[in-house]
Structure formats: C-alpha cells, structure tokens
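All remarks here apply to the structure that follows.
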Amino acid sequence: MNLMKLEQDGSRGVAYEERICKYCNLNVVEDELHFLMECPKYAESRSKFIDFVNHKEPSLLWGLGRDIRICFRAIMASHCKEIIRVVADFIWDAFAVREAVGVI
Ligand SMILES: [Zn+2]
C-alpha cells in the first residue's frame, strides 16, 4: 500500500522538510494538509468532497481562502458520519490516482 511521503520517509529517517510531494510541482512537504486540501493532483476528487462538505456543513469551510489549516482542522475534527465517509472516499480516490501515476 502506498503511503504519504511523510509516512514513507519518516520511517526512512528523511528530514521533514525533505519529504516533498512527488505528485505535483508545488515543491512542498507532502503532509496530511497538502494531501487532503492542496495537492492539485487530486483536484477532481477533492472538488466532490469539498462540494459535499460545503452543502452539509458549510461552516467547516469558512476559513477556505484565508487559512486552509482552519478548514483542515475543522474537517478532521468533524463527527458527522457523512463527512467522515466523504473524506474516506476522497482518500480512496486519491490513492487510486497515485497508483495510476505509479510514483513511489
Ligand atoms: Zn502535491
């Protein structure tokens, strides 16, 4: 199973700042925030989940455009089963994209 760069490299002793996302050209650390909210590689899958969140719990996205970390934390802290499900679906879709690309 492919893991995020952060998880893979963490177990290999790679410094945090060197765990760069290989799925886009933003040259940023691939952490959970980048994976879920930023990486353009998953934009299509993300738009489905963001649209759902915006419909179900728009308050979770109030920070979008100002500080994406606020939205990330709000979504991760949600106890709404439908939100959790749509995030899980996003992760599933994103990992399918990663496998299709074939980058480690
Ligand atoms: Zn990326």
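The values are calculated or read from the model by the stated rules, or taken from the named source; none is laboratory data. Given the structure is predicted, the values throughout are model-derived calculations rather than measurements. Cβ atoms come from the backbone with ideal geometry, glycine included; neighbour counts cover every protein chain shown.
Being surrounded by fewer than 13 Cβ atoms within 10 Å (Cβ to Cβ), of a type outside the set (Gly, Ala, Ser) and under 11 Å from the mean Cα position of the chain (by Cα): is that true of Pro58 here?
The answer is no for Pro58.
Can you find a residue that is surrounded by 14 or more Cβ atoms within 10 Å (Cβ to Cβ), within 21 Å of Ala94 (Cα to Cα), modelled with pLDDT under 95 and within 16 Å of the ligand (Cβ to nearest atom) anywhere in region 62-69?
Taking region 62-69 as the starting set, the residues that turn out to be surrounded by 14 or more Cβ atoms within 10 Å (Cβ to Cβ) are 63-64, 68.
Filter once more, keeping what is within 21 Å of Ala94 (Cα to Cα): 64, 68.
Right, trim to modelled with pLDDT under 95 and you get 64, 68.
From what is left, the residues that are within 16 Å of the ligand (Cβ to nearest atom) are 68.
Yes, the conditions are met somewhere in region 62-69.
Give me the pairs: first residue in region 78-104 and among the basic types (Lys, Arg), second residue outside any helix (DSSP H, G or I), beta-carbon distance under 8 Å, and six or more apart or on different chains, which are they?
As it stands, the answer is Arg98/Asn2; Arg98/Tyr23, since those pairs meet every condition given.
Enumerate the pairs (first residue in region 10-29 and without any contact (Cβ under 8 Å) to a residue 60 or more places away in the chain and among the hydroxyl-bearing types (Ser, Thr, Tyr); second residue anywhere and within 16 Å of the ligand (Cβ to nearest atom) and assigned to a helix (DSSP H, G or I)) with beta-carbon separation below 9 Å, excluding pairs fewer than 6 apart on the same chain, so at least 6 apart or on different chains.
Tyr16/Leu6; Tyr16/Asp9
What single numbered condition from (1) assigned to a loop (DSSP other than H, G, I, E, B); (2) surrounded by fewer than 18 Cβ atoms within 10 Å (Cβ to Cβ); (3) within 14 Å of the ligand (Cβ to nearest atom) fails to hold for Val97?
So Val97 meets the others, but not (1).
Do you know which residues across region 23-66 are of a type in the set (A, V, I, L, M), more than 14 Å from Ser78 (Cα to Cα) and assigned to a helix (DSSP H, G or I)?
Looking only at region 23-66, we keep the residues that are of a type in the set (A, V, I, L, M), and these are 26, 28-29, 33, 36-37, 43, 50, 53, 60-61, 64.
Still in the list and also more than 14 Å from Ser78 (Cα to Cα): 26, 28-29, 33, 36-37, 43, 64.
Across region 23-66, the qualifying residues are Leu33, Leu36, Met37, Ala43.
Residues that are at negative phi and outside any helix (DSSP H, G or I): does region 68-77 have at least one?
No, region 68-77 contains no residue that is at negative phi and outside any helix (DSSP H, G or I).
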